[in-house]
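Enquirer: Structure in structure tokens, see below.
Bear in mind that the values in this text are calculations on the coordinates, not laboratory data. All values reported here derive from a predicted model rather than from experimental measurement. For neighbour counting, all protein chains shown are included, and Cβ atoms are generated from backbone atoms with ideal geometry for every residue, glycine included.
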Amino acid sequence: MLQDLEYGRLENEFRNILPAEEDIVVCFRGSSALLDRNDQDELHLPSYGEVLAWAEANHWESWNGNKVQYVFRMQDKNYFIWWGEAGESADPAYAYEDTRMLRQLVSKNICYAIMTAWHLFDWYRSNRFCGRCGAKTQHDAKERMMRCPQCNQMIFPKIAPSVIVGVTHGDYLLLSKYANRSYTRYGMIAGFTEIGETVEETVAREVMEEVGLKVKNIRYYKTQPWGVTGGLLLGYYCDLDGEDDTITLDREELAMAEWFPRNDLPAHDDGISLTREMIRVFEEGKEPQ
Ligand SMILES: [Zn+2]
């Protein structure tokens, strides 16, 4: 999966540090990130030195005096985000690309870094003011938290749990396609956890809502952080409850849903998504029982 980095883990612990010239800065404008994609599809992000020069030349705005904010460390490099909506670069190799469409294996680590930086950027920009009293918030010095100096509200990063569900019926797996989305490949039933419900209840509810099937034997597989939706995906398998496998499609959510046999699945592991890994694991008959 995208987060399985060959050199280890993303060092996500908060550190209160200032940038050095060679540190990486991920710059966002709307939902797009500024990057250099070469002919081999490799992604490259600019250094603090480069970004500072572009910001000065092209009058980039920032939310306050701090121009950048430390986010994490990866592969012996410190990553920061531009603290505001970024402007034009002065280097024609760099262009803005939609973070939500970004998923690839060539620069898997950079791709994961951009998606995670986006999750934080989106949270920071939505919490520049206190939602309780309206005052300007300040970054805490010790942890990743925005604090209101007026009413003392503490605001922590928001992570939304959601499920990916592999519904099985003997040697068959249920695959579906979204309706009205730019992502048109095969997927599985998915949805966000609602307030006041357990994740197992989310699994049963989403399957009932989207395809009208009752399920049992709900069992956990793995998780995947998915920064572009601010989510944490929790992968579960479950079995059809009973023998009636008739699908009643929610046409607002799905374009199609169909049972596929274990030896003839139309989608394969792409090394990126939890959904695809779960399809492969089912194909190999290795799903938890
Ligand atoms: Zn406040």
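Enquirer: With θ set to phi - 60° and the Karplus curve 6.51 cos²θ - 1.76 cosθ + 1.60, what are the ³J(HN,Hα) couplings of the range 187-195 in order, to the nearest whole Hz, using x for Gly and Pro?
Expert: Rounded to whole hertz, the list is x, 10, 4, 8, x, 7, 6, 8, 4.
Enquirer: Take peptides 80-89, 63-72 and line them up by average Cβ neighbours within 10 Å, highest first, as a rough protection proxy.
Expert: 80-89, 63-72
Enquirer: Tell me, how many Å apart are the Cα centres for the range 194-235 and for the range 1-36?
Expert: So the separation of the two Cα centres works out to 29 Å.
Enquirer: Sort 115-121, 2-8, 36-42, 229-235 by the packing proxy (mean of other Cβ within 10 Å over each peptide's residues), most packed first.
Expert: Highest-to-lowest ranking by the protection proxy: 115-121, 229-235, 2-8, 36-42.
Enquirer: Mind listing the phi-derived Karplus ³J(HN,Hα) values for the range 263-273, rounded to whole Hz, using 6.51, -1.76 and 1.60 with θ = phi - 60°, and x for any glycine or proline?
Expert: Values, residue by residue: 8, 8, 8, x, 9, 10, 4, 9, x, 10, 9 Hz.
Enquirer: Evaluate Rg over Rh across the chain, taking Cα atoms for both radii and Kirkwood's formula for Rh.
Expert: With Rg and the Kirkwood Rh in hand, the quotient comes to 1.02.
Enquirer: While we're on this one: So who's got an amide H within less than 5 Å of the one on Phe80, skipping anything under 5 residues away but keeping other chains? H placed 1.01 Å off N, in plane.
Expert: Those qualifying (amide H under 5 Å, at least 5 residues apart or on another chain) are Ile24, Val25, Val26, Val71.
Enquirer: Do any chymotrypsin sites (Phe, Trp or Tyr not before Pro) in the range 161-214 lie in a DSSP loop with no more than 15 other beta carbon atoms within 10 Å, and if so, which?
Expert: Sites meeting the loop and neighbour criteria: Tyr183.
Enquirer: For the range 151-210, which GluC sites (Glu not before Pro) are both in a DSSP coil and crowded by at most 12 other Cβ atoms within 10 Å?
Expert: Qualifying residues, ordered by number: Glu194, Glu197.
Enquirer: Hey, another quick one. Enumerate the lysines that Lys222 could reach by cross-link, defined here as Cα to Cα under 16 Å, with residues fewer than 8 away along the same chain left out.
Expert: The qualifying lysines are Lys286.
Enquirer: For the range 119-211, what is the convex hull volume of its Cα atoms per residue in Å³?
Expert: It comes to 164 Å³ per residue, whole-number rounded.
Enquirer: Enumerate the calculated ³J(HN,Hα) couplings along the range 86-99 in order (Karplus 6.51 cos²θ - 1.76 cosθ + 1.60, θ = phi - 60°), each rounded to whole Hz, writing x wherever the residue is Gly or Pro.
Expert: Couplings: 7, x, 6, 8, 9, 10, x, 5, 8, 9, 8, 10, 5, 4 Hz.
Enquirer: While we're looking at this one, here's another question. With a ≥ b ≥ c the root eigenvalues of the C-alpha gyration tensor of the range 160-283, is it rounded (a/c under 1.5), prolate (a/b larger than b/c) or oblate?
Expert: Because its axes are fairly even, with a/c under 1.5, the range 160-283 counts as rounded.
Enquirer: Show the residues, 5+ positions off or on another chain, whose built amide H is closer than 5 Å to the amide H of Gly231.
Expert: Sorted by chain and number, the residues that satisfy this are Ala160, Trp226.
Enquirer: Which cross-chain or sequence-distant (5 or more) residues have an amide H under 5 Å from the amide H of Gln153, H modelled 1.01 Å from N in plane?
Expert: Answer set, sorted by chain and number: Cys148.
Enquirer: Test of the criteria: in the range 143-199, which trypsin sites (Lys or Arg not before Pro) are in a DSSP loop and have at most 15 other Cβ atoms within 10 angstrom of their Cβ?
Expert: Passing both the DSSP loop test and the Cβ count: Lys158, Arg181, Arg185.
Enquirer: Just to confirm a number: summing +1 for Lys and Arg and -1 for Asp and Glu over residues other than Gly30 whose beta-carbon lies under 12 angstrom from that of Gly30, what do you get?
Expert: -1
Enquirer: Per-residue ellipticity at 222 nm for the chain, helices alone: DSSP H runs ≥ 4 residues times -39500 (n - 2.57), over residue total, nearest 500 deg cm²/dmol?
Expert: -5500 deg cm²/dmol
Enquirer: Give the lysines reachable from Lys67 as a straight Cα distance under 29 Å; neighbours fewer than 8 places away on the same chain don't count.
Expert: Leaving aside lysines fewer than 8 places away in the same chain, those within reach of Lys67 are Lys77, Lys108, Lys136, Lys142, Lys158.
Enquirer: What fraction of the DSSP beta bridges in the chain is antiparallel, stated in percent and rounded to the nearest 5?
Expert: So the antiparallel bridges amount to about 80 percent of the total.
Enquirer: Report the relative contact order of the range 1-59, percent, no decimals, based on alpha-carbon pairs under 8 angstrom and at least 6 residues apart.
Expert: 30
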